[in-house]
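These notes concern the structure reproduced below.
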């Protein structure tokens, strides 16, 4: 089971960075905003599933933090695109992110108790790692608008902290 | 006799010593997932006013357990420094955020 979860997480990480890098044309700011926002929405959905399914205080605390932080950064992103007059634009990277996120929700819906907690924590590590990679290699360097770039940089700091926190959580569940 | 001399010395010392400085309040600001610089010259009795200018909720949590302040976005909160020493602190939600207060007696 654990092996399957790890494999799924690795496959997902590959899908994400692969998709982000495979785009022949560099994403424009409207697409970058959409990708970053979608990445947040997916993590919020995962956290909400954890809040419903888990009974572990550490997992619940972590999930509450994910909802709170990602909602804050996404609200800020929405305010920024409104100010800039940019409409976030759907794109293949956002779509593959969303498909992978939905598949995870479906997989994890079948789990319960410790198995769910471990799967959620391990996936949070892999997911934040993958998003951090995409932010560093594609989204931040390609962003043209200075305010968008700066928000993505804050996002990278936040996601890096979340990755460390998720690693601590996953280690504690072993 | 010795006691009387001791008492005289004590009262002399009390007369000569300047009154302890009034406690001061210092701000430590949080922005962009980091604590701003912590003030130097802190003394017991001084107050740290934590100001969270970030869009995220943070905490200022002492590693030795002496304080644990929850800081929603835009919140202000105060911590009185009760004892001398070096107090390392961090954010419970984002443990990579750290700082240190150096408090003199």
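Read the figures in this text as sums done on the coordinates, not as results from a lab. Bear in mind that the values here come from a model prediction, so they are computed numbers and not experimental data. Heads up, the Cβs are rebuilt from the backbone with ideal geometry, glycines too, and the neighbour counts pull from every protein chain shown.
Taking the DSSP beta bridges with both ends in region B:23-104, the antiparallel portion is around 70 percent. According to the square roots a ≥ b ≥ c of the eigenvalues of the Cα gyration tensor, what is the shape class of chain A, taking rounded for a/c under 1.5, prolate for a/b larger than b/c otherwise, and oblate for the remainder? In terms of gyration-tensor shape, prolate.
With a simple spin-label model that places each label point 7 Å from the Cα along the Cα-to-Cβ direction, the separation between residue A:98 and residue B:38 comes to 4.6 nm.
Exposure proxy for B:48, A:32, A:140: other Cβ atoms within 10 Å of each Cβ, ordered fewest to most, give A:140, B:48, A:32.
Antiparallel beta bridges, as assigned by DSSP with both residues in the protein assembly as shown, represent about 70 percent of the total such bridges.
Computing FRET efficiency as 1/(1 + (r/R0)^6) for residue A:51 and residue B:104, where r is the C-beta to C-beta distance and R0 is 41 Å, gives about 0.35. First measure r as the distance between the Cβ atoms of residue A:90 and residue B:76, then evaluate 1/(1 + (r/R0)^6) with R0 = 35 Å and state the FRET efficiency to the nearest 0.05. The pair residue A:90/residue B:76 has a calculated efficiency of 0.30. Legend: calculated FRET efficiency, residue A:112 to residue B:92, from the Cβ-Cβ distance at R0 = 25 Å, rounded to 0.05, equals 0.35. With the simple spin-label model, which puts each label point 7 Å out from Cα in the Cβ direction, the residue A:78 to residue A:174 separation comes to 4.0 nm. Cβ-to-Cβ counts within 10 Å put A:174, A:129, A:98 in ascending order as A:174, A:98, A:129, the fewest first. Fully extending the segment from residue A:105 to residue A:150, taken as 0.36 nm per residue of separation minus the present Cα-Cα distance, adds 13.1 nm.
Over the residues of chain A, the helix contribution to mean residue ellipticity at 222 nm works out to -28500 deg cm²/dmol, using -39500 (n - 2.57) for each DSSP H run of at least 4.
Counting only alpha carbon atoms, the long axis of helix A:29-53 and the longest principal axis of chain A meet at about 20°. Put in order of Cβ neighbour count within 10 Å, fewest first, the listed residues B:47, A:59, B:103 become B:47, B:103, A:59. Remark: mean inter-chain Cβ contacts per residue of B:96-105 equal 1, using a 10 Å Cβ-Cβ cutoff to other protein chain atoms. Peptide B:55-68 has a mean of 2 when you count, residue by residue, the C-beta atoms of other protein chains within 10 Å of its C-beta. Helix A:92-109: angle to the longest alpha-carbon principal axis of chain A, degrees 0 to 90, nearest 10? The helix A:92-109 is inclined about 10 degrees to chain A. For chain A, the longest principal axis of the Cα atoms and the long axis of helix A:113-134 meet at an angle of about 20 degrees.
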